[in-house]
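In what follows, a structure is listed as structure tokens, so that the remarks can point back to it.
The values are calculated or read from the model by the stated rules, or taken from the named source; none is laboratory data. If you're wondering where the values come from, they're calculated on a predicted model, not measured in any experiment. Neighbour counts are summed over all protein chains in view; Cβ atoms, including those assigned to glycine, are modelled from backbone coordinates with ideal geometry. Side chains are part of the model used for accessible areas, which takes the heavy atoms of the whole protein and leaves out ligands, DNA and RNA. Shrake-Rupley method; radii C 1.70, N 1.55, O 1.52, S 1.80 Å.
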Amino acid sequence: MSVRFVGERLRPLSRTADTSCLAAGAPGLPLRFLWRDVAIDVARVRRTWRETGACVHGSGERYVRRHWFEVIAATGEVFTLYFERRARRGERKRGRWWLYGIACEGEGVVVAPGCRPNPGER
């Protein structure tokens, strides 16, 4: 399955987060979010993983930098989302959910409109 890179912020809709994983230190995955002013409903989570990095102060410890989620939307599209643990420089703590990409092909995957080639693109 190939993924078309998007790299845009998501806006989680209020009161839709799955809070079952908060006790383990993971963020509450929004079960409904806005992307390009379109509401997307998460039907199920396909898989999750974490990205870690070394301590920025040189202690040798490793910290979780991003929580990744591959989700299937109610429409059948497969989205790869991530949550940044640290806000980027100069940003508030909000706005840390991102749409990394959309699956473009593969068995049982609905091809998202953004994955179709533009005219003249091969």
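Count the net charge of all other residues whose Cβ sits under 9 Å from the Cβ of PRO30, scoring Lys and Arg as +1 and Asp and Glu as -1.
Neighbour charge sum, excluding PRO30 itself: +1.
Please compute the net charge surrounding ARG62, taking Lys and Arg as +1 and Asp and Glu as -1 over other residues with Cβ under 15 Å from its Cβ.
Local charge sum for ARG62: +3.
With all protein chains present, how much of the accessible area of the stretch 22-62 (probe radius 1.4 Å) comes from carbon and sulfur, to the nearest whole percent?
Its accessible area is 48 percent carbon and sulfur atoms.
Amide H of ARG32 versus every other amide H placed in the peptide plane: which residues, excluding those fewer than 5 positions away on the same chain, fall under 5 Å?
LEU13, VAL42
Calculate, for the stretch 1-89, the solvent-accessible area per residue in square angstrom, rolling a 1.4 angstrom probe over the heavy atoms of the protein chains.
65
Whole-Hz ³J(HN,Hα) for each residue in the stretch 50-56, computed from phi via Karplus 6.51 cos²θ - 1.76 cosθ + 1.60 with θ = phi - 60°, x for glycine and proline: what do you get?
Result, ordered by residue: 10, 10, 10, x, 5, 4, 6 Hz.
What does the charge count around ALA39 come to, taking other residues whose C-beta lies under 11 Å from its C-beta (Lys +1, Arg +1, Asp -1, Glu -1)?
+1
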